[in-house]
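First up is the structure itself, then whatever we jot down about it.
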Ligand SMILES: [Zn+2]
């Protein structure tokens, strides 16, 4: 079962990222002037300082750049072990999402594995998690 997680506070910069799952879309912020992706989302480009930014949907697939397995039961309802990974989404160079790899045994996860986003809804937030593409 899904464990209640501390949810992000939505604001005008991050709302698209955290709610894109309602449309099954992984949405990232991008600078419209220099095309740099900006993550975590914020209203100013970290590359050129432009405020001309907007969110766009990316493919939702990606690759596991690195990961660790958590064995610590931080919450009584938490099922361990689970995988915390950094996923590089396809089509968004420079972006890494800190997320969980779900839907497989932790021993089956390896760096370089191809993954696809799935969304776990809690309240009005859709947490982007990833599962392996077989
Ligand atoms: Zn820029």
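Could you tell me how far the Cα centroid of the stretch 91-134 sits from the Cα centroid of the stretch 1-49, in Å?
16
Could you please rank 126, 96, placing first whichever residue has the fewest other Cβ atoms within 10 Å of its Cβ?
Numbers: 126 23, 96 15.
In increasing order of surrounding Cβ atoms, one gets 96, 126.
Please report the base-10 log of the normalised intensity I(q)/I(0) for the stretch 24-81, using a Debye sum with one equal scatterer per alpha carbon and no solvent, at each q in 0.16, 0.22 (1/Å).
Those come out to -0.67, -0.83, one per q.
Once you sort the root eigenvalues of the Cα gyration tensor of the stretch 91-134 as a ≥ b ≥ c, which label holds: rounded (a/c under 1.5), prolate (a/b larger than b/c) or oblate (the other case)?
oblate
Starting with the fewest neighbours, write out 97, 26, 127 ranked by other beta-carbon atoms found within 10 Å of each beta-carbon.
Taking fewest neighbouring Cβ atoms as first place, the list is 127, 97, 26.
When 1/r is averaged over all different Cα pairs and the result inverted, which Kirkwood radius in Å belongs to the chain?
15.5
Just the number, please: percent antiparallel of the DSSP beta bridges in the chain, rounded to the nearest 5.
Working: 32 of 33 bridges.
Around 95 percent antiparallel, to the nearest 5.
Going by C-beta contacts inside 10 Å, put 115, 44, 109, 58 in order with the fewest on the left.
44, 109, 58, 115
If you average the sequence gap of Cα pairs under 8 Å that are 6 or more apart and divide by the length of the chain, what percent do you get for the contact order?
Relative contact order here is 22 percent.
Each reported figure results from applying straightforward, stated rules to the coordinates on display, with no laboratory input. Only a predicted model underlies this, so the values are computations on that prediction, with no experimental measurement involved. A quick note on method: Cβ atoms are made from the backbone with ideal geometry, for glycine too, and the neighbour counts reach across all protein chains shown.
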